[in-house]
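Peer 1: Pasting in a structure now, in structure tokens, and then I'll have a few things to ask.
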Amino acid sequence: MDINLSDRGWLVLSDAWFPGWKAFVRPFGGDESQETELTIHAPTALRTVYLPEQGQWTVRFVYSPMSFKVGLYVSFLAVMACALLLLWWLWGRYYRPDESGDEVRTVAKNSLVPMALNMANKAIDFAFALLYVRLLGPEGTGQYAFVVTMYGFFEIVSRYGLGTLLTRDVAADKNQSSRYLTNVLGLRTILWLASLPVLALVTGGFRVFGGISMAEVQAIAIFAAAMLFANWADALSSLFYAFEKMEYPAGLSSAAALLKVTFGALVLLLGWGFVGLAWVSLLMNIVQMIWLYSLVRSTLFKPEWKWDTKLQRWMFGVSGPLMINHLLATIFWRIDVWLLRPLAGAVSVGLYSAALKYLDGLNIIPSTFTFAIFPLMSRYAKKEGEGLLRSYVLSARLLLMVSLPLAMTITVLAGPLIYVLGGAEFLNVPDTVQILGREISYRGGSALALQVIIWSIPIGFVNSVTQFVLIAVNQQGYLTKAFILGVVFNVVGNLLLIPPFGYLGAAVVTILSEFSLLIPFYWSVKRHVGHVPWLDLLWRPLLAVLVMGGLMNVLIGAGLNVWLALAPGGLVYVGVLAVTGAFRGEEMGVVLGRLLKRSNA
């Protein structure tokens, strides 16, 4: 209903009220991304809302009961369960391990099957996020995101890169399976015990100085117990990687994900909050560990206890650099959540983490791409000539051509996307920033955070493939130094920008931190790989995305639905690329043809 008020007042809708009705208000002529939720009063069983300001408004009533959301969620889980059961049946019916002796089928199985199942896991996790973000709200979502981030850091330390070492050495000598498994489990248990006092100290510091709640402390304690079983399960999964049977842990992770989100939905509906989610994680980690152990005994070998202190000392020294690089990369990506919690509060973390959901989902693109192209780059690195440089230039060109229109599309769709994920509660949130000593009020929220942070992906996509190029030329040590620089920049930047700007400051620092990695990466690539024509790589997709954004803005301003504006925007983007010659040349022709030929060989 469109309302024109000369003063504040009540709007009474002469229609029956029932639990599940919601009401939203937005300025007249605005869209749903500008809405604010109203409280519905029903003193006479009619729907009544209070409008506190004069002006022209649009009030929208919608029937959205929790029963429908839960039913839709359960239906989704049922569909995913049926799909996984169908895949399991097809796998048992048609796949014959004894007939797949050639390397091509083995590589295809070990890359495509886990990739497909990981994408299914992403879909399951996102569907669960649609539920828990709404039930927990911005504050609860922020508290849960902080707890998970805290757990993730200490999990990396206690795993210590030993899974990669186990996979590498057991793949070379299967007779070492029991010996390596025994000592990896033993060393990880020791590292877990050593990490507990540090975790308790850090949690206590956040409790005293950061103001985290007792519920967050309880959840961290439960996750600390779950960490041990997760580490054991990871060691068992690494054995399947060594035996080139990646489909087993991948399939099990999908089944565990379904069970986890099913029990997670149950505890949330019972009102147990994110502490209940921590208990679910503990339970599922135990189940997954037992399940994997039984699969190891039934499909690989029967483990024997072979304790070797000398081997553990050697493992500790060899795996240290692997753990440090992984830890630095994780700190680089998630230190802002640690700093947001004490500096800006749980609500800011919740709004920020909702935006990160989409960023994390898009990062599957560069990870999948680099996984596919890394073997080719490794072969080129061992040969003379410019093969490695050409493949890197082509990779950077393709990733820029994909990431820039993605960033523009997400910028335009930020409001609807956040509305789908978390609802109106995550949009148009009143906030303030400090600029030159002056406090300025504005209406922000997760959509604004997403519109800012999404512009980190063009640089992040390029950084992702650059890391693998530097690994191909044996520059792992340089990567560690670059990540240290990036982490320092990230921490200092967040400490400077979060106090005055909150989660928007953290989003800006994410973009600048990607630049802080790109600069040392650039110098190392120039020295060890060759000169990269960055201006030539960038100007065509950048011009095309500016034209795309301008056209979409004009169409939306003229009244076209934001979703319908995507098609002409995308066509114009591709057209500008074609006109400027982005699809011509040796790199896009010959090199791409070689890549496709090698991938099909």
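Peer 1: Of the accessible area of the chain, with the probe set at 1.4 angstrom, what percent is carbon plus sulfur? The partial results should precede the final answer.
Peer 2: Values: 19010 of 28640 Å².
Roughly 66 percent, rounded to a whole number.
Peer 1: For a test of the definition: using alpha carbon positions, the gyration tensor, and the 1.5 limit on a/c, classify the range 136-273 as rounded, prolate or oblate.
Peer 2: Values: a/c = 3.24, a/b = 1.59, b/c = 2.04.
Because a/c hits 1.5 or more and a/b fails to exceed b/c, the range 136-273 counts as oblate.
Peer 1: Where only protein heavy atoms count, and the probe is 1.4 Å, what is the accessible area per residue for the range 493-568 in Å²? All intermediate terms of the calculation are to be shown ahead of the outcome.
Peer 2: Working: 3770 Å² over 76 residues.
On a per-residue basis, 50 Å².
Peer 1: How many angstrom lie between the C-alpha centres of the range 178-239 and the range 115-142?
Peer 2: With the range 178-239 and the range 115-142 each reduced to a Cα centre, they are spaced 23 Å.
Peer 1: For helix 177-205, report the angle its Cα long axis makes with the longest principal axis of the Cα atoms of the chain; keep it between 0 and 90° and round to the nearest 10°.
Peer 2: 40
Peer 1: Under the Karplus relation 6.51 cos²θ - 1.76 cosθ + 1.60, θ = phi - 60°, what is the ordered set of whole-Hz ³J(HN,Hα) values for the range 513-528, x standing for Gly and Pro?
Peer 2: Calculated HN-Hα couplings, in order: 5, 4, 5, 5, 7, 4, 5, x, 4, 4, 5, 5, 4, 4, 7, 9 Hz.
Peer 1: Of the options Gly264, Ser294, Phe274, report the single residue whose Cα projects farthest towards the positive end of the charge dipole of the range 255-313 (beta-carbon charges: Lys, Arg +1; Asp, Glu -1).
Peer 2: Going by the Cα projections, it comes out as Ser294.
Peer 1: Give the relative contact order (percent, whole number) for the chain; include only Cα pairs under 8 Å separated by 6+ residues. Intermediate values should be presented prior to the final figure.
Peer 2: On the way: 770 pairs, mean separation 88.6, N = 601.
Worked out over the chain, it gives 15 percent.
Peer 1: Taking the chain as the reference, fit the longest principal axis to its C-alpha atoms, fit the long axis of helix 534-557 to the helix C-alpha atoms, and give the angle between the two in degrees, 0 to 90, nearest 10.
Peer 2: The answer is roughly 30 degrees.
Peer 1: Taking θ as phi - 60°, what are the ³J(HN,Hα) couplings along the range 298-310 by the Karplus curve (6.51, -1.76, 1.60), each to the nearest whole Hz, with x for Gly and Pro?
Peer 2: Those phi angles translate into 8, 10, 10, 6, 9, x, 10, 7, 9, 6, 8, 4, 4 Hz.
Peer 1: Which distance in Å, rounded to a whole number, links the C-alpha centroids of the range 411-487 and the range 491-557?
Peer 2: When both Cα centres are located, 10 Å separates them.
Peer 1: Name the long-range amide H neighbours of Gly445: under 5 Å, sequence gap of 5 or more, or other chain; modelled H, no Pro or chain starts.
Peer 2: Distant-sequence amide H within range of Gly445: Val429.
Peer 1: Right, another one. Using the Karplus equation 6.51 cos²θ - 1.76 cosθ + 1.60 (θ = phi - 60°), what ³J(HN,Hα) coupling, rounded to whole Hz, does each residue of the range 331-341 give in order, writing x for Gly and Pro?
Peer 2: Values per residue, Gly and Pro as x: 4, 4, 7, 10, 5, 4, 5, 4, 7, 5, 4 Hz.
Peer 1: Given a Förster distance of 22 Å, report the FRET efficiency between Gln176 and Ala225 from their Cβ-Cβ distance, rounded to the nearest 0.05.
Peer 2: On the way: r = 30 Å, r/R0 = 1.37.
Rounded to the nearest 0.05, the efficiency is 0.15.
Peer 1: Further, regarding this structure: Kindly report the accessible area of the range 1-81 per residue (heavy atoms of protein chains, probe 1.4 Å, no ligands, DNA or RNA), in Å². All intermediate terms of the calculation are to be shown ahead of the outcome.
Peer 2: Values: 4940 Å² over 81 residues.
Solvent-accessible surface per residue comes out at 61 Å².
Peer 1: So who's got an amide H within less than 5 Å of the one on Leu38, skipping anything under 5 residues away but keeping other chains? H placed 1.01 Å off N, in plane.
Peer 2: Ala23, Phe24, Val25
Peer 1: Could you work out how far helix 364-381 tilts from the main Cα principal axis of the chain, as a 0 to 90 degree angle to the nearest 10?
Peer 2: 30
Peer 1: Might you work out the accessible area of Tyr241 for me, using a 1.4 Å probe with all protein chains in place, and round it to the nearest 10 Å²?
Peer 2: 90
Peer 1: When the helices in the chain are scored as -39500 (n - 2.57) per DSSP H run of 4 or longer and the sum is shared across all residues, what 222 nm value do you end up with, to the nearest 500 deg cm²/dmol?
Peer 2: On the way: 18 runs with 431 residues, N = 601.
Taken over the chain, the calculation gives -25500 deg cm²/dmol.
Peer 1: Let me ask something else about it. Under a 1.4 Å probe, what is the accessible area of the range 229-304 per residue, stated in Å²? Can you show the working numbers first?
Peer 2: Details: 3170 Å² over 76 residues.
On a per-residue basis, 42 Å².
Peer 1: From largest accessible area down, sort Glu425, Glu155; use a 1.4 Å probe on the protein chains. Walk me through the intermediate numbers first.
Peer 2: Working: Glu425 95, Glu155 35 Å².
Per-residue accessible area, sorted high to low, gives Glu425, Glu155.
Peer 1: Pull out the extension gain between Asn474 and Val62, defined as 0.36 nm times the separation in residues minus the alpha carbon to alpha carbon distance; nm, one decimal. Walk me through the intermediate numbers first.
Peer 2: Numbers: separation 412, 0.36 × 412 = 148.32 nm, distance 5.85 nm.
Length difference between fully extended and current span is 142.5 nm.
The values are calculated or read from the model by the stated rules, or taken from the named source; none is laboratory data. Source: prediction; values computed, not measured. Don't worry about glycine lacking a Cβ; one is built from the backbone with ideal geometry, like all the others, and counts go over all protein chains shown. The accessibility values were calculated without ligands, DNA or RNA, using every heavy atom of the protein model including side chains. Shrake-Rupley method; radii C 1.70, N 1.55, O 1.52, S 1.80 Å.
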